[in-house]
1. With each run of n ≥ 4 DSSP H residues scored as -39500 (n - 2.57), what mean residue ellipticity at 222 nm is computed for the chain after dividing by its residue count and rounding to the nearest 500 deg cm²/dmol?
2. In what sequence, highest mean first, do 27-40, 47-60, 237-250 appear when ranked by Cβ atoms within 10 angstrom?
3. Please report Rg (one decimal) and Dmax (integer) in Å for the Cα set of the range 29-86.
4. Sticking with the crude label model, points 7 Å out along Cα→Cβ, report the distance from Ala32 to Arg272 in nm, one decimal please.
5. On full extension of the chain, what length is gained from Glu131 through Glu41, given 0.36 nm per residue of separation minus the C-alpha to C-alpha distance?
6. I'd like the per residue volume of the convex hull spanned by the Cα atoms of the range 229-277, given in cubic angstrom.
7. Report the full-extension gain for the segment Leu143 to Ser114: residue separation times 0.36 nm, less the Cα-Cα distance, to one decimal in nm.
8. For the chain: lysine pairs with Cα atoms under 20 Å, gap of 8 or more or different chains, count?
Amino acid sequence: MPKVLSDAEVARYRRDGFHFPVRVLPAAEARAYRDRLEAQERALGGPLQGNMRHKVHLLFTWANELARHPAILDAVEDIIGPDILCWSTTFFTKEARSPSFVSWHQDATYWGLSTDEVVTAWVAFADAPVESGAMRFWPGSHLRSQIEHRDTFDSDNLLSRGQEIAVDVPAGEGVDVPLKAGEMSLHHVLLVHGSGPNTTDDRRIGYAIRYIPPHVRQLKVRDSAMLVRGRDTFGNFDHEPDPRRDLDEAALAAHRDAVERSAKALYAGTDRTAFRA
């Protein structure tokens, strides 16, 4: 029996490729996570950029705590089962009145994973109305398998390669995904999705957590992931350590190693070796 999603909601996820909203944090707790993020940004002199936007669960205790949050994992378990690895985490932040956008794309395009059994939990640290550049999903597009993409490396595109699908999404078929702070959406790794600029006076802050079952393999490099629930009897990934303190020496070393592996997979075939700022 599902823990969070009903049988009907799981069936709709399989059909449409997404489900939202799921309340995982009270608004006050979401605000507390935002405060911790923004305190860290102030200490660093600005928003998280480049490599530091990725694999953040290895750098900060609070980001790791959220990747292991029972309310998130219960919903993810309804989709991929009880043994769960956290493969990656990324902040997608659009500053107030920012031109930043995310082109229509599929997550799986350059990841190098062996199957499409990957679910992204996108947790809103702040309200994400349509006007803030909320995500848009193309229902059922995950059933088209892999679609051809082209790289743009557009400076305003938040994606690693500025990748976009080489086909047009039919007019009127995109579904807006507005979220309140503390809510999350779930989407399939092959679901076509994107988002527009933020036209509001507040930041749009999304924490994307990618989960996989342990039988999934990385086909490009020897990769790493963190076991967050159940058991890993396959050994396809080197296990990542929890950070004991924010940005301590061990956390920085583990993060550096993990990000180097990810960058090799994501940027294979290009001259890039690190995530864009």
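Each value in this text was obtained by applying a stated rule to the coordinates, not by laboratory testing. What you see is a predicted model; the values in this text were computed from it and never measured. So basically every Cβ, Gly included, is an ideal-geometry build from the backbone, and we count neighbours across all protein chains shown.
1. On the way: 5 runs with 64 residues, N = 277.
Computed ellipticity for the chain at 222 nm equals -7500 deg cm²/dmol.
2. Final packing ranking: 47-60, 27-40, 237-250.
3. Over the range 29-86's Cα set, Rg and Dmax evaluate to 13.5, 40 Å.
4. 3.6 nm
5. That works out to 30.0 nm of additional length.
6. Cα convex hull per residue, to the nearest whole number: 116 Å³.
7. 8.8 nm
8. Final tally of qualifying lysine pairs is 5.
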